Every structure is written in structure tokens, then in C-alpha cells.
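Peer 1: The structure's right below; bear with me while I get my questions together.
The values are calculated or read from the model by the stated rules, or taken from the named source; none is laboratory data. These numbers were taken from a predicted model, which means no experiment stands behind them. FYI the Cβ positions are ideal-geometry reconstructions off the backbone, even for glycines, and counts take in every protein chain you see. The protein model used for the area step is the full one, side chains on, heavy atoms only, and it has no ligands, DNA or RNA in it. Shrake-Rupley method; radii C 1.70, N 1.55, O 1.52, S 1.80 Å.
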Amino acid sequence: RLAPSLNRWTKTDSPLIEADIKAVIGEQEFTSNTTNDGYYTVDLDLDDDADMSQLVVLEAQGKDDQQAVLLQSRLMSFASLLNRAGDDGILTSDEDFAVNITNLTTAKSALLARGNAYFDISTEQDLIRLMNELNAEELVQFATAIKVILDHSEGTAELGLPDGVENVFELALDSQKM
């Protein structure tokens, strides 16, 4: 059993209460939920013969009045995360900031997907290359737009999602609508 627990939070100014958390490693999915404070723990149990070089993607999906919240974070390979977790096997944001699933990681994840022409990012080398190619100004603009929508759109239609867009991650993937 190889199981670092990714233990951190998903939040903007308001925590995602009881949000669905999904960690994807290749074809495997591991799920959990956030607490009322927006914290989560998800155990990643991979078989001993699993491909440890597979990248990890985290998603947080809000419920009820937080349905527009779909946040994502792309992490390094399972092997790298396991190494960063150290002897206790628990990976926290002190060891890897990307376990925080936020407006910034969501903007970054969308820009990485766009930078790879929406093809799956399958290797750590590709992920690092794409991260080095990110436009910092565009990243800040996207992260800010996501934060404004999540934190200030309630009751203000012009700050909400455009028509036909289900969530903030979908919006961030579409440069025209963004």
C-alpha cells in the first residue's frame, strides 16, 4: 500500500463545504469530501506494481449553492509526491503547495491544458515544460477572474458565469469566454 494522504484545503474566501474531492492518477480515482472548514484528506492507495510516474490531478466540485465551483490542481507524479510526503506519508501544503485546490491552481491547470492543445499531460517533463511556458500575467488575470466570480457574483449577474458555462474551470479553459 502506497498512500500519501493529500491533506489541505480547497477555498477561496469562503470554504467549500462538503465539496466532492477527486484525485485522479491514470485510470484510478480516489474520492473524499471537504469538511465545513474546506479541509480534505484523500488516501491514494496504489498497488505495488502501479506506474508511479503517472501525474496526479485533484478536483474539488462544490455542491448546492456552490455548484459553479469546479477547482482543479495538477501535481507532479505519484512518485514525486510520495517522496515529498516524507516518512509520515502525509503530503501537506508545506511540502507541495499544489495540494491546495484554489482559484490560482485552477487558472494554472486550465492554462496548462490550453498550452498542451487540450491533450492529456502525461509526463512530469511535459508538465514542467508547460509550467515554464506559462504567461504569469495571464495566470494572474485568470485567477483573479475566477476569484471574483466565486466570491462576488452572488446577486450580481454581471460578475457571474457567462451563459452556457457550468463552472469556473470550464470558463478558464475557454479563452474567448474568459
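Peer 1: In the list 136, 117, which residue meets the criterion of being among the hydrophobic types (A, V, I, L, M, F, W, C) and within 26 Å of residue 159 (Cα to Cα)?
Peer 2: Details: 117 fails: within 26 Å of residue 159 (Cα to Cα).
Being among the hydrophobic types (A, V, I, L, M, F, W, C) and within 26 Å of residue 159 (Cα to Cα) holds for just one of 136, 117, which is 136.
Peer 1: Would you point out the residue of the range 40-65, among those that are acidic (Asp, Glu) and at pLDDT 90 or above, that is surrounded by the most Cβ atoms within 10 Å (Cβ to Cβ)?
Peer 2: 59
Peer 1: Okay, moving on. Please note which strands (runs of 3 or more DSSP E) are completely contained in the range 31-87 and include at least 3 residues that are under 18 Å from residue 100 (Cα atoms) and hydroxyl-bearing (Ser, Thr, Tyr).
Peer 2: On the way: elements: 39-43, 55-61, 70-77.
In the range 31-87, 39-43 are the strands (runs of 3 or more DSSP E) which contain 3 or more residues that are under 18 Å from residue 100 (Cα atoms) and hydroxyl-bearing (Ser, Thr, Tyr).
Peer 1: Taking the range 122-140 as the search range and keeping residues that are among the aliphatic types (A, V, I, L, M) and surrounded by 13 or more Cβ atoms within 10 Å (Cβ to Cβ), which one is farthest from residue 52 (Cα to Cα)?
Peer 2: If we take residues in the range 122-140 being among the aliphatic types (A, V, I, L, M) and surrounded by 13 or more Cβ atoms within 10 Å (Cβ to Cβ), then 139 is farthest from residue 52 (Cα to Cα).
Peer 1: Moving on to the next point. Consider residue 160 against the criteria (1) closer than 19 Å to residue 74 by Cα; (2) surrounded by 14 or more Cβ atoms within 10 Å (Cβ to Cβ): it satisfies all of them except one. Which criterion is unmet?
Peer 2: Result: residue 160 fails condition (1) only.
Peer 1: Can you find a residue in the range 76-84 that is modelled with pLDDT of 95 or more, in contact with a strand residue (DSSP E or B) (Cβ under 8 Å, 6 or more places away or on another chain) and either loosely packed, with under 14 Cβ neighbours inside 10 Å or closer than 17 Å to residue 173 by Cβ (or both)?
Peer 2: Checking the range 76-84: not a single residue is modelled with pLDDT of 95 or more, in contact with a strand residue (DSSP E or B) (Cβ under 8 Å, 6 or more places away or on another chain) and either loosely packed, with under 14 Cβ neighbours inside 10 Å or closer than 17 Å to residue 173 by Cβ (or both).
Peer 1: Would you be able to say whether some residue in the range 101-113 is farther than 23 Å from residue 20 by Cα and at pLDDT below 95?
Peer 2: Scanning the range 101-113 turns up no residue that is farther than 23 Å from residue 20 by Cα and at pLDDT below 95.
Peer 1: Tell me, yes or no, whether the range 93-111 has at least one residue that is open to solvent by 40 Å² or more (accessible area, probe 1.4 Å) and either among the hydroxyl-bearing types (Ser, Thr, Tyr) or in contact with a Lys or Arg (Cβ under 6 Å, 6 or more places away or on another chain) (or both).
Peer 2: Yes, the range 93-111 has at least one match.
Peer 1: On to the next question. Of everything in the range 13-39 that's touching a residue at least 40 places away in the same chain (Cβ under 8 Å) and under 19 Å from residue 104 (Cβ atoms), which residue is most open to solvent (accessible area, probe 1.4 Å)?
Peer 2: Filtering first and then ranking leaves 13.
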